[in-house]
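Participant: To start, I am sharing the structure in question, which I have written as structure tokens.
The values are calculated or read from the model by the stated rules, or taken from the named source; none is laboratory data. Here the structure is a predicted model, which is why all the values come from computation and not from measurement. Ideal geometry is used to build each Cβ from the backbone, glycine not excepted, and the neighbour counts take in all protein chains shown. Just the protein is used for accessible areas: all its heavy atoms, side chains included, with ligands, DNA and RNA removed. Shrake-Rupley method; radii C 1.70, N 1.55, O 1.52, S 1.80 Å.
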Amino acid sequence: VQLVESGGGLVQAGGSLRLSCTASGRTISGYAVGWFRQAPGKEREFLADISWSGSTTDYAGSVKGRFTIARDNAGNTVYLQMNSLKPEDTAVYYCARRTGPLYWDSSYYDYWGQGTQVTVSS
């Protein structure tokens, strides 16, 4: 499985971006998928996770109410809609396929994308 993130860029504080995570090679439709981010000098941080069916979503407290995760299994794509962006949201954003039970634990994710940079200016 190869995961490719896209949609990152430079946005002003208060703006929005939609990130996409598209799988190739094999489908991700039978797996949960999560989004993480990593800012310079900081540990990788869990953001959001969506079950294989899309019926269950989970969010980190720092993004709940501002970010929305969704998926299109027919298109083999998972999205992260990010609204009300803040300068502290600046980071490289990654999607990953989950194969274990703990959605907030990065060790339960096996395939990762290369990341897409999001920069929020004040």
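Participant: Please give the contour-minus-distance gain from Ser53 to Gln2: 0.36 nm per residue of separation, less the Cα-Cα distance, rounded to one decimal in nm.
Facilitator: Using 0.36 nm per residue and subtracting the Cα-Cα distance, I get 16.4 nm.
Participant: Please identify the chymotrypsin sites (Phe, Trp or Tyr not before Pro) of the range 22-122 that satisfy two criteria: DSSP loop assignment and at most 14 other Cβ atoms within 10 Å. Which are they?
Facilitator: Trp104
Participant: Then there's this: Let's test the formula: R0 of 22 Å, r as the Cβ-Cβ distance of Leu10 and Gln38. What FRET efficiency results, to the nearest 0.05?
Facilitator: With R0 = 22 Å, the Cβ-Cβ based efficiency is 0.80.
Participant: In a shell of Cβ-Cβ distance under 15 Å around Thr22, excluding Thr22 itself, what net charge do Lys and Arg (+1) and Asp and Glu (-1) give?
Facilitator: Here the count lands on +2.
Participant: A further question follows. Quick check: at a probe of 1.4 Å, how many percent of the accessible area of the range 20-122 sits on carbon and sulfur atoms?
Facilitator: 48
Participant: Tell me the relative contact order for the chain as a rounded percent, counting alpha carbon contacts under 8 Å between residues six or more apart.
Facilitator: Relative contact order, the chain: 35 percent.
Participant: Let me ask you something else. How much accessible area per residue does the chain have, counting only protein heavy atoms and a probe of 1.4 Å, in square angstrom?
Facilitator: Per residue, the chain has an accessible area of 50 Å².
Participant: What are the residues whose amide H is under 5 Å from the amide H of Arg71, where those residues sit 5 or more places off or on another chain and H is modelled from the backbone?
Facilitator: Those qualifying (amide H under 5 Å, at least 5 residues apart or on another chain) are Tyr79.
Participant: Just want the answer: with Cβ charges of +1 for Lys and Arg and -1 for Asp and Glu, which residue in Thr27, Gly41, Ser107 is farthest toward the dipole's positive end in the chain?
Facilitator: Working it through, the farthest residue towards the positive pole turns out to be Thr27.
Participant: Cα extents of the range 36-76 along the three principal axes, largest first, in whole Å?
Facilitator: 37, 21, 14
Participant: Now for a separate question. Report, please, the projected area of the chain averaged over directions, based on the convex hull of its C-alpha atoms, in nm².
Facilitator: 6.7
Participant: Cβ under 9 Å from Gly34's Cβ, Gly34 left aside: what net charge do those residues give with Lys, Arg +1 and Asp, Glu -1?
Facilitator: 0
Participant: Turning to a different aspect of this structure: If we count trypsin sites (Lys or Arg not before Pro) as exposed when they sit in a DSSP loop and have at most 13 other beta carbons within 10 Å, what is the longest stretch of the chain that avoids them all?
Facilitator: Longest site-free region, per DSSP loop and neighbour criteria: 43-122.
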